[in-house]
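The values are calculated or read from the model by the stated rules, or taken from the named source; none is laboratory data. Quantities reported herein were computed from a predicted structural model and do not represent experimental measurements. Positions of Cβ are backbone-derived with ideal geometry, glycine not excepted, and every protein chain shown enters the neighbour counts.
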Amino acid sequence: MELSKNYLPATVEEKWYQHWMDKGYFRSTPDSRQPFTVVIPPPNVTGVLHLGHTLNETVQDILVRRARMSGFNACWVPGSDHASIATEAKVVDMLKREKGIEKSQLTREEFLKHAFEWKDKYGGIIYHQIKKLGCSCDWDRVTFTMDDHYYKAVISVFVELYNKGLIYRGARMINWDPKAKTALSDEEVEYKDIQGHLYHVKYAITDAAGNATGEFITIATQRPETIMGDTAICVNPEDERYAHLKGHFATVPLVNRRVPIIFDTYVDKAFGTGALKVTPAHDINDYNLGLKHNLEIIDTLNDDGTLSAAAVVFVGEDRFVARKKVVAALAEAALLIKEEEYTTRLGYSQRNPTTVVEPRISTQWFVKMADLAKPALDAVVSGDVKIHPGDRFLATYKYWMENVKDWCISRQLWWGQQIPAWYAPDGTFEVASTAAEAVAQFAQKGVTIAAADLKQDEDCLDTWFSSWLWPMEVFNGVSSPNNADVNYYYPTSVLVTGQDIIFFWVARMIMAGMEFKGVKPFSDVYFTGMVRDKEGRKMSKQLGNSPDLLELIHSYGADAVRFGVMISSPAGNDLLFDTSSCDQGRNFNNKIWNALKLVKMWEARQATDNEDASSLFPIRWFQSRLNEVQAEVATLHKDFRLSEGLKAIYSLIWDDFCGWYLEWIKPGFEQPISSAVYAQTVSFFEQLMQLLHPYMPFITEEIYQLLKTRDESDVLMMKQFTTPAAPVQATLLEGVLTQEVITSIRDARVKNQIKPKDPIVLHIETKHENAFKQIEDTIAKQVNAKEVHYVQEPVAGCITLVVQKDKFYLGTETVLDTTAQKESLLKDLAYQEGFLKSVENKLANERFVQNAKPEVVEAERRKKADAEAKIQVITESLKSL
């Protein structure tokens, strides 16, 4: 068949992915092999793949494909997460925009019907993108966190933890998202440093009898809109400025509420005015002070961030609009002393990044984390679960687990698993999987009640409370314990995820695995870095710097995109992505494609012979290089250094195979190629494609199939790796020497204006004549030397070269001008003399010799000896000119 000028990825990718799917190569069922299990970090059901996902999925596919080709029963489970906050917001917006329906007009069942319709419409988009990327997932195992079995598993875990006393319900200060109108866990709040304002406000003082003293106390606050919720003023008992106010009261501005002046060492005398307004409903520290001093709690905010009736003034106004109005009213009442700029940290909702989170007292459901955290901490610290790169993330993980707080798991949403708590009309409740079970539990306590009279808790569970079961429940490990799949595939092998969810998800999965299975959920955790643009900025829709994955694949091909994200993404480090890396991937594809065209051109030009190709230097050398890189890549994969593995393969193919090997074995014009050499070349090409396949699956499969006629069952993605033989170090050194000699002679020909077609006579002065005779034919062919001679002294009238410690004399049929050669040798001599001086200075430094490692000192001594030898050779060469 005639091959296209350049590699055309579109038809190749569609053809091979469908073929792999049709043949069931991605499918996995338990058998006698060792499993290699990966569960996909479930992307949001309404999302699309961004470049962070692209990197993550590519890494997983590389690991899975290599494991499959290494004899493991590879199982990669795909799926998606219901993402309660994000998805509900999208559904609410869609209903309002497209149908003019408010959520409040619907029953829960009606809303969920619309939500599932949304999921069915948009949920498959991300799977389509994962397939376009070439990911070898087992598509028969797709799991969704709201599947029936998964829903039941989440509910059963909730009931179990509640019965163990690890889940409780209570009023606590929590984080509140006013836009989503739901509670958040501490980990769902992202803090940003912003430039705010500090307002200095006067509070009038009254004595114990309520009489005005004419005195004022000044407080500094960042949030004047909460003044109406103040229930005390607190000062430090050691602050002499306020000692006389013991037993006195202050009047809250705008609402004229009389509140006590309390004393507590919590207050920093040096901050602001040393006096603190205490608003227990709107600040966690104030809340704790309120509990300690038995203060009233006045919540002045509604769930949407507007002022409630308890605020008395500016009721219904948005909190930030109210702030401006409160400041204006304070100024009008001559109670605002001054306003100054102030840098502060403000918490924002992770799911609604522009929404400032409100601290709020609310009755919620919580998980006690301390007991769950300890086994999960021990699993990582002991190395039972290994984190890569561990030097960066182990300390972070350890700190968080040792200081873990109780987890708020209830959300004021409908899209999600509904909390299985059943309330009687009097407010008592039972936690049970079903209403019938709750009725039975009430009966055990002597309470007779019908299921119809029970009301289920309106809240749903935090999405992370479902996804912490992911490695187990994708195999029905909670809903159907000890089934064949979970017993075979669990624990999973490796988790690939982003460092930003180490606490949300990774730590909690380890907790769940230890709690419900008594064993870790995975053996290794590989953290990918964040993908940033070439200017170092985080990619986002707002900045417009995040390219569309499908457009990238359309422009460059999936292999080139995979290459682009992997070539510069060392484990754990951020990736500075630029489409130029995809260009590099496309160029790599074309380089390999052109190599295929060259080899196929020789296919019909084979000479039948009985030559032992294995003894030929180019083949001996490339076999050793191939063995060397195969072993290197295996080690790099074991250490999860995948980017370095790709770079090693890239260099082997581009430089060694295409740049040197194919040139060395290329037959002359219209001359045949040895059939043994051709067969070995095809074998090398096959092994290179196998080595590259996990990174770039499509082009490698295509080339593998085109190299020769194959049986239908002979596909690259299922071809098993074999253990490479050890490389022959002497042969590798011969290869380095050959390349240096060829390059130096070619450079000399150019400098001395000797045309490539003009033959030369090559004289070699060396102490290693036998070694050079092994590579003599290759050198002669590449530099167009019609004769090669070995000499023991300089040859007059020749161009002189020095390579390592050997000298080469290039004879031509024309008279040579040695001026350029002399200048080159003098330049080289000056460099070597300067280098020798720097090494001698280092060795003359007693502190260096005494303190450096012995091997470092010895290396410097070898450098000195090499430089001295080269100087001697160059000096002798100059004398011969």
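Candidates are the residues of the range 486-520 that are touching a residue at least 40 places away in the same chain (Cβ under 8 Å) and small (Gly, Ala, Ser); the one that is farthest from Val367 (Cα to Cα) is Ser493.
Ala452 meets all of the listed conditions (1) more than 15 Å from Val154 (Cβ to Cβ); (2) surrounded by 21 or more Cβ atoms within 10 Å (Cβ to Cβ) but one, namely (2). Among the candidates Phe516, Phe503, the residue that is in the same structural domain as Met472 (by TED's automatic domain parsing), within 17 Å of the chain's Cα centre (by Cα) and surrounded by fewer than 22 Cβ atoms within 10 Å (Cβ to Cβ) is uniquely Phe503. With respect to the conditions (1) part of a loop (DSSP other than H, G, I, E, B); (2) touching a Gly at 6+ places or on another chain (Cβ under 6 Å), Ala209 lacks only one, and its number is (2). From the list Asn545, Asn482, the lone residue that is under 22 Å from the mean Cα position of the chain (by Cα), assigned to a loop (DSSP other than H, G, I, E, B) and not basic (Lys, Arg) is Asn545. Residue check: is Ser80 of a type in the set (Ser, Thr, Tyr), outside the structural domain of Tyr127 (by TED's automatic domain parsing) and either assigned to a helix (DSSP H, G or I) or out of contact with any helix residue (DSSP H, G or I) (no Cβ under 6 Å at 6 or more places or on another chain) (or both)? No. The numbered conditions (1) under 30 Å from Pro178 (Cβ atoms); (2) out of contact with any Asp or Glu (no Cβ under 9 Å at 6 or more places or on another chain) are all true for Arg33 except (1).
Every residue, every condition in (1) under 19 Å from Ser410 (Cβ atoms); (2) part of a helix (DSSP H, G or I); (3) in contact with a helix residue (DSSP H, G or I) (Cβ under 6 Å, 6 or more places away or on another chain); (4) modelled with pLDDT under 95, yes or no:
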{"site": "Thr87", "(1), (2), (3), (4)": "yes, yes, no, yes"}
{"site": "Glu98", "(1), (2), (3), (4)": "no, yes, no, yes"}
{"site": "His128", "(1), (2), (3), (4)": "no, yes, no, yes"}
{"site": "Tyr151", "(1), (2), (3), (4)": "yes, yes, no, no"}
{"site": "Val157", "(1), (2), (3), (4)": "yes, yes, no, no"}
{"site": "Leu161", "(1), (2), (3), (4)": "yes, yes, no, no"}
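Counting only residues that are in a loop (DSSP other than H, G, I, E, B) and among the charged types (D, E, K, R), the range 100-112 holds 1 of them. With respect to Met689, determine if the residue is modelled with pLDDT of 95 or more, of a type in the set (A, V, I, L, M) and surrounded by fewer than 20 Cβ atoms within 10 Å (Cβ to Cβ). Considered against the rule, which asks whether it is modelled with pLDDT of 95 or more, of a type in the set (A, V, I, L, M) and surrounded by fewer than 20 Cβ atoms within 10 Å (Cβ to Cβ), Met689 comes out as no.
Given the criteria hydrophobic (A, V, I, L, M, F, W, C), within 26 Å of the chain's Cα centre (by Cα) and farther than 27 Å from Pro570 by Cβ, does Trp414 qualify?
No: the conditions fail for Trp414.
Is it true that Gly427 is out of contact with any Lys or Arg (no Cβ under 7 Å at 6 or more places or on another chain) and either of a type in the set (A, V, I, L, M) or surrounded by fewer than 14 Cβ atoms within 10 Å (Cβ to Cβ) (or both)? It is true that Gly427 is out of contact with any Lys or Arg (no Cβ under 7 Å at 6 or more places or on another chain) and either of a type in the set (A, V, I, L, M) or surrounded by fewer than 14 Cβ atoms within 10 Å (Cβ to Cβ) (or both).
In the range 184-229, of all residues being among the acidic types (Asp, Glu) and touching a residue at least 60 places away in the same chain (Cβ under 8 Å), the one that is surrounded by the fewest Cβ atoms within 10 Å (Cβ to Cβ) corresponds to Asp193. For the range 742-767, the candidate set comprises residues that are exposed (fewer than 14 other Cβ atoms within 10 Å of the Cβ) and under 20 Å from Lys870 (Cβ atoms); within that set, the residue that is nearest to the chain's Cα centre (by Cα) is Thr743. Restricting attention to the range 273-320, the residues that are assigned to a loop (DSSP other than H, G, I, E, B), touching a residue at least 24 places away in the same chain (Cβ under 8 Å) and charged (D, E, K, R) add up to 5. Only one of the numbered conditions (1) in contact (Cβ under 8 Å) with a residue 40 or more places away in the chain; (2) under 27 Å from Leu8 (Cβ atoms) is not met by Asp655, and that is (1).
Screening Gly71 on (1) crowded, with 22+ Cβ neighbours inside 10 Å; (2) not in a helix (DSSP H, G or I); (3) not aromatic (Phe, Trp, Tyr) shows it passes everything except condition (1). Scanning the range 182-220 for residues that are in contact with an Asp or Glu (Cβ under 6 Å, 6 or more places away or on another chain) and modelled with pLDDT under 90 returns a single hit, Leu184. Looking only at the range 708-718, decide whether some residue is under 33 Å from the mean Cα position of the chain (by Cα) and loosely packed, with under 14 Cβ neighbours inside 10 Å. Checked the range 708-718: at least one residue is under 33 Å from the mean Cα position of the chain (by Cα) and loosely packed, with under 14 Cβ neighbours inside 10 Å. Of all residues in the range 47-60, those satisfying the criterion of being within 23 Å of Leu469 (Cα to Cα) and crowded, with 24+ Cβ neighbours inside 10 Å are Glu57, Val59, Gln60. Would it be correct to say that Arg562 is assigned by TED's automatic domain parsing to the domain that holds Ile665, farther than 29 Å from Ala725 by Cβ and among the charged types (D, E, K, R)? Yes; evaluated as a whole, the condition is true for this residue. Counting only residues that are at negative phi and among the β-branched types (Val, Ile, Thr), give me the strands (runs of 3 or more DSSP E) lying completely in the range 768-866 with at least 2 of them. Hits in the range 768-866: 785-791, 799-803. Of the residues making up the range 334-361, those that are exposed (fewer than 12 other Cβ atoms within 10 Å of the Cβ) and at pLDDT 90 or above number 4.
Reported count of residues in the range 389-404, each being surrounded by 12 or more Cβ atoms within 10 Å (Cβ to Cβ) and modelled with pLDDT under 90, is 9.
Screening Arg323 with (1) at pLDDT below 95; (2) touching a Pro at 6+ places or on another chain (Cβ under 9 Å); (3) farther than 20 Å from Arg172 by Cβ gives one miss only, at (1). Filtering the range 716-732 for residues that are of a type outside the set (Lys, Arg), touching a His at 6+ places or on another chain (Cβ under 8 Å) and not assigned by TED's automatic domain parsing to the domain that holds Gln623 leaves an empty set.
Just the residues that are within 21 Å of Lys324 (Cα to Cα) and assigned to a loop (DSSP other than H, G, I, E, B), please, taken from the range 236-271. Matches in the range 236-271: Pro253, Leu254, Val255, Asn256.
Which of the residues spanning the range 315-333 are among the small types (Gly, Ala, Ser) and either under 44 Å from the mean Cα position of the chain (by Cα) or surrounded by fewer than 16 Cβ atoms within 10 Å (Cβ to Cβ) (or both)?
Residues of the range 315-333 that are among the small types (Gly, Ala, Ser), as a first pass: 316, 322, 328-329, 331, 333.
Selection gives Gly316, Ala322, Ala328, Ala331, Ala333.
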